[in-house]
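Each remark here refers to the structure printed beneath this line.
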Amino acid sequence: MEKATIQDGKMDSNQSTEILIIVGDTNYKTTLADNETGREFLEMLPLTLKMKDLNSNEKYFNLSKYLSTETVDVNSIKSGDLMLWQSNTIVLFYKDFKTSYHYSRIGKIENPNGLMKALGKGDIEVEFKKVE
């Protein structure tokens, strides 16, 4: 499938891998980053995670497995960014904001409209699966 992918925060046109992030009844098509972190995350799928809320802008889950990291200074977070904090914390952001933190990119939801409402407040179950 010819698609734009995310590499070092920039869109790059080549082969890409898509997954679905499912929140309740809503499916969010997500393009994985073309890096080792994204590839290792893909190998873990399907996953259903009970994600916790942090700072009213993100949901996170601490994996028992460590993934390869390719940290970058992202400068700003966009709603729909799927990142890895340190080497084992999956973070799904649902608000835009500036940051000085460093993350490894996993992927990006193509159309995050309604994501904040779907994720709601507090802990929530989020499913990650390969596109069939």
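Is it true that some residue in the range 98-109 is without any contact (Cβ under 8 Å) to a residue 12 or more places away in the chain and open to solvent by 10 Å² or more (accessible area, probe 1.4 Å)?
Within the range 98-109, not a single residue is without any contact (Cβ under 8 Å) to a residue 12 or more places away in the chain and open to solvent by 10 Å² or more (accessible area, probe 1.4 Å).
Looking only at residues that are β-branched (Val, Ile, Thr) and in a strand (DSSP E or B) in the range 74-101, which one is farthest from Ile21 (Cα to Cα)?
The residue in question is Ile77.
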Exercise. Do you know which residues across the range 29-56 are open to solvent by less than 40 Å² (accessible area, probe 1.4 Å) and either hydroxyl-bearing (Ser, Thr, Tyr) or within 14 Å of Tyr103 (Cβ to Cβ) (or both)?
Worked result: Thr30, Thr31, Ala33, Asn35, Thr37, Gly38, Phe41
Exercise. Is there any pair with a first residue in the range 1-30 that is assigned to a strand (DSSP E or B) and of a type outside the set (D, E, K, R) and a second that is open to solvent by 90 Å² or more (accessible area, probe 1.4 Å) and at pLDDT 70 or above whose Cβ atoms are under 6 Å apart and which are 6 or more apart or on different chains, and what are they?
Worked result: Leu20/Asn27
For this session: Kindly indicate whether Met116 is without any contact (Cβ under 8 Å) to a residue 40 or more places away in the chain, of a type in the set (A, V, I, L, M, F, W, C), closer than 18 Å to Ile22 by Cα and part of a strand (DSSP E or B).
Result: no
For this session: Test each condition in (1) open to solvent by 20 Å² or more (accessible area, probe 1.4 Å); (2) under 22 Å from Glu18 (Cα atoms); (3) not hydrophobic (A, V, I, L, M, F, W, C) for Lys59 and report the one that comes out false.
Result: (1)
Problem set entry | Sole residue being surrounded by 20 or more Cβ atoms within 10 Å (Cβ to Cβ), in contact with a Ser or Thr (Cβ under 6 Å, 6 or more places away or on another chain), more than 22 Å from Ile124 (Cα to Cα) and of a type outside the set (Val, Ile, Thr), chosen from Leu84, Leu67 | Leu67
Problem set entry | Tally, over the range 41-60, of residues that are in contact (Cβ under 8 Å) with a residue 40 or more places away in the chain and part of a strand (DSSP E or B) | 8
Exercise. Given Ile106, Ile124, which one is β-branched (Val, Ile, Thr), at pLDDT 95 or above and within 10 Å of the chain's Cα centre (by Cα)?
Worked result: Ile106
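The values are calculated or read from the model by the stated rules, or taken from the named source; none is laboratory data. The shown structure was predicted, so the numbers you read here are calculated from the model rather than taken from an experiment. Positions of Cβ are backbone-derived with ideal geometry, glycine not excepted, and every protein chain shown enters the neighbour counts. Quick note on the areas: whole protein, heavy atoms, side chains included, nothing else; ligands and nucleic acids left out. Shrake-Rupley method; radii C 1.70, N 1.55, O 1.52, S 1.80 Å.
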